[in-house]
Amino acid sequence: MSPLLSALNILQGEKNTFLRFLASTIVQLKNDLKGLLDESFEPTATQGLIACRPLIQNMIQSLSTRVEGMLEKRENILAAILLSAFKMDWVEDEIKRL
């Protein structure tokens, strides 16, 4: 739950409650959750991580369903790119980057 808590702390904070933080935070959350999901399939995964696999999968699916449209909007992308802390670092797709 650590990646989700970190994302919620950023998005619910008093100082960083701008649209600029939304896209990059959501993309980072999805990447962290996918990393945990990949780690849960490794033979060295702990029982707790294996037991949380359905929760992680559900969180990834829910993020895709609820906010994927927001990540495609031009104004949301431009707002995140103009933030000097993130720039284009959070954009993985080369076509979107162009």
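The values are calculated or read from the model by the stated rules, or taken from the named source; none is laboratory data. From a predicted model like this one, the values you see are computed outputs, not experimental measurements. Methodologically, a virtual Cβ is constructed for each residue, glycine included, from the backbone with ideal geometry; neighbour enumeration extends over all protein chains shown. Side chains are part of the model used for accessible areas, which takes the heavy atoms of the whole protein and leaves out ligands, DNA and RNA. Shrake-Rupley method; radii C 1.70, N 1.55, O 1.52, S 1.80 Å.
Tell me which residues, restricted to the range 26-42, are touching a Leu at 6+ places or on another chain (Cβ under 7 Å) and not aliphatic (A, V, I, L, M).
Hits for the range 26-42 are Lys30, Glu39, Ser40.
Return the residues of the range 1-38 that are farther than 18 Å from Ile81 by Cβ and open to solvent by 90 Å² or more (accessible area, probe 1.4 Å); say none if nothing qualifies.
Residues satisfying the conditions are Met1, Leu5, Asn9, Gln12, Glu14, Lys15, Lys34, Asp38.
With the requirement that a residue be modelled with pLDDT of 75 or more and either outside any helix (DSSP H, G or I) or buried (at least 18 other Cβ atoms within 10 Å of the Cβ) (or both), what does the range 72-96 give you?
Lys73, the sole residue that qualifies.
Any residue in the range 50-62 that is open to solvent by 80 Å² or more (accessible area, probe 1.4 Å) and among the charged types (D, E, K, R)?
So far as the range 50-62 goes, no, none of its residues is open to solvent by 80 Å² or more (accessible area, probe 1.4 Å) and among the charged types (D, E, K, R).
Residues in the range 39-49 that are open to solvent by less than 70 Å² (accessible area, probe 1.4 Å) and of a type outside the set (Ser, Thr, Tyr): how many?
Residues in the range 39-49 being open to solvent by less than 70 Å² (accessible area, probe 1.4 Å) and of a type outside the set (Ser, Thr, Tyr): 3 in total.
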